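To start, the structure itself, in C-alpha cells.
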Amino acid sequence: MPRLAFRVLAAVVGMLTLVVGCGGDGGSGKGRRPAGAHVTIRVPGDAPTISDAVSLAHPGDLVLVAPGVYHESVKVSTPRVTLRGESRDKVVIDGRLQQPNGVVVTAPGAAVENLTVENNTQNGVLITGSAKAASGLPGHSGGYDTGDEPVTFLKSFLISYVTATHNGLYGIYAFSAQNGVIEHSYASGGADSGIYVGQCKPCQIVVRDNVAELNAVGYEGTNASGDMYVVGNRLVGNRVGLTTDSDHQEKLLPQQGAVIAGNLIAANQQTATPEQADGGWGTGIGIDGGSDNQFIRNRIAGNRNAGLVITASADLPPVGNQIVDNTFTGNGVDVGWTFPTATRGRGNCLRDNKLHTTVPARLTTTASCPLPARSPSPAGRWAMPTAPGGIPFTEVAAPGPQPQFPHPLTTGATAVPAVPALPDPADIPLPSASLLAAQARVQTS
C-alpha cells in the first residue's frame, strides 16, 4: 500500500465514527434460484437484493440486476459467477460512505459488468485473494498481507463496463490477483487511484480501454510485475496520470516488467481532484523504483510538471526502463530523471521519441537504448510547481453517461478465461489526442 493510502485511511476511519454501518455481503437467505444449470437469477424478481442473488448463485450463473439504487456491499465468493447490471448508469451500488467496499470478488472466474459503484470509504470494486484485504476495514497494517506467509492469489477475473466514482481509496482495485482484465470502465473521484493493481508476480493482467479522470492518480501499479499490460487507456485530468512503483508496504518487491503502451496521458494537473498526501501534481508518468518496464507509443501531453519522471524509491533503484517511440508535447519537462537519495538508477534509456526537453539535458544521446544494465543513469533537478490544494473525493464532478455492455439482457454469463489473451506491443498504435473523449469530462484542449 503506497504512502498516500495510509493517510487517506486515517481520514476514512475518522469519518466512519460518525456514521452507522449498513448493508451486508452474505445475503439474507431470501429469494429463489431458478431450476437448472447456468441460470439467470434476477434482482429483484428472483431475489430482493444483489447479495441475496449472489448467495444463491452456482458456478456458471448470471446475476442480472434491474435498474435501481442498492445500498449494500456485495461479496462474490462463488467461482465463475457473472454479476451484471441491466443498465450501467441506472444500476447503482451506493455505499453512502457507510461501508468500505461496494463489490468484493474473492472467487476465480467471476465477472462484474455494466453497473456503477460509488460512495464507499475504501474501494468501488475489490478483486483479491488476500483474506485480510477482503475482510473490510483494515487495521494498522492496512489490511494487507504481512509476515512471511506466501501470497495467496485470486486466479482469473473480469471487470468490464463498470463505473466507479467517489470512493475513498481506489475505484477498481486488483490486489493479490492474477490472470484478469479490467476494460471499458470509468473511474473518477478516487482519493488515491482510479485503477490500482498491486502485489502480483506474474500478473498476467490487462488494463485496457478505460477512462480514469479526476482522481489523485489515474492508474497505479505497485509491485505489479510480469505480463502486466496497461494499454489504450485515457488517463487525462487527474493530479498524476500513471505511476508504476516499488513499495515495501506490499510484498513481491521490486516492481518489474510492465508494458505501458498506446495510452493518452495528458493534462494531469487538475485542482478539482482529491489531494495527494505527498503532494504529487502535474506529472504524466511517474516511475518510482520500478524496473524493466517498457513505455511504448504513448501520447504524453500538457502535464505541467513533467511528462515522464524516473526516480528512486528509498533503497530500490529504477533499472532498465525503456522509453521508446512516445510522443511528448507541451509538458513542463518532457522527460526528467531525479534521484533525491543516494539510491540511483541504472540502465534506463530512450529511443525514437518525439520530445523537446530532458533533465538532465541530452538524454537522447547520453542514454540512448540499448544500454548496459549497470550503466548509471544521470540525474538532474528542475523547478517543480507547487501542488495546489484539492477537494474531498465526495465532491468530484459526477461522470456523464457511459457506454453500455452489449446486449446485457440477452447475453448469458461471461466465460472468463483462465489466462487472458495478452497483447503484442508491436500491434499497439500511438493513440489520437481524442482517445475515448466522448466518455470523459476533462478534455485535453
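No lab work stands behind these numbers, since they all come straight from the coordinates. Small disclaimer: the values here were computed from a predicted structure and weren't measured. Here the Cβ is made from the backbone with ideal geometry for all residues, glycine too, and neighbour counts use every protein chain on show.
A few comments on the model shown:
- A simple count of charges around residue 208, restricted to other residues whose Cβ falls under 12 Å of its Cβ and scoring Lys, Arg +1 and Asp, Glu -1, yields -1.
- Net charge of Cβ neighbours under 15 Å - reference residue 287; Lys, Arg +1; Asp, Glu -1: -4
- Of [x] 96, 65, 44; [y] 71, 47, 33; [z] 68, 48, 46, the label for Cα extents along the principal axes in Å derived from the coordinates: [z]
- Annotation: amide H of residue 41 within the under-5 Å range of 62, 63, 64, sequence separation 5 or more or interchain, hydrogens built in the peptide plane.
- Averaging Cα coordinates gives a centre for the stretch 305-335 and one for the stretch 268-290; these two points are 13 Å apart.
- Of 30/155; 30/90; 90/251; 251/354; 30/201; 30/251, those spanning more than 32 Å from alpha-carbon to alpha-carbon: 90/251; 251/354; 30/201; 30/251
- Relative exposure of 206, 54, 105, judged by other C-beta atoms within 10 Å (fewest first): 206, 54, 105
- Taking amide H as placed 1.01 Å from N in the peptide plane, the amide H of residue 243 sits under 5 Å from that of 219, 220, 221, 286, each at least 5 places away or on another chain.
- Selection from 254, 266, 280, by position along the positive dipole direction of the stretch 231-282 (Cβ): 266
- Per-selection Kirkwood Rh - the stretch 234-358 (Cα, Å, 1 d.p.): 14.3
- Degrees, to the nearest 10: 3-16 long Cα axis against longest axis of the chain: 30
- A straight line joining the Cα centroids of the stretch 392-445 and the stretch 91-127 runs 17 Å.
- Close amide H contacts of residue 346 (hydrogens built in the peptide plane, cut-off under 5 Å, sequence separation of 5 or more or a different chain): 319, 320, 377.
- Under 11 Å, Cβ to Cβ, from residue 377 - net charge with Lys/Arg +1 and Asp/Glu -1: +3
- For the stretch 35-41, 3J(HN,Hα) per residue [Karplus equation, 6.51 cos²θ - 1.76 cosθ + 1.60, θ = phi - 60°, Hz, x = Gly/Pro]: 5, x, 9, 6, 9, 9, 9
- Cβ-to-Cβ counts within 10 Å put 358, 40 in ascending order as 40, 358, the fewest first.
- Considering only 431, 416, 328, the residue lying farthest towards the positive end of the dipole of the stretch 310-445 is 328, judged by Cα position with unit charges set on Cβ.
- This ranking places 324, 396, 207 by how few other beta-carbon atoms lie within 10 Å of each, fewest first, which gives 324, 396, 207.
- Using the Karplus relation 6.51 cos²θ - 1.76 cosθ + 1.60 with θ = phi - 60°, the per-residue 3J(HN,Hα) values for the stretch 120-132 come to 10, 6, 10, 10, x, 10, 10, 10, 7, x, 8, 4, 5 Hz, with x marking Gly and Pro.
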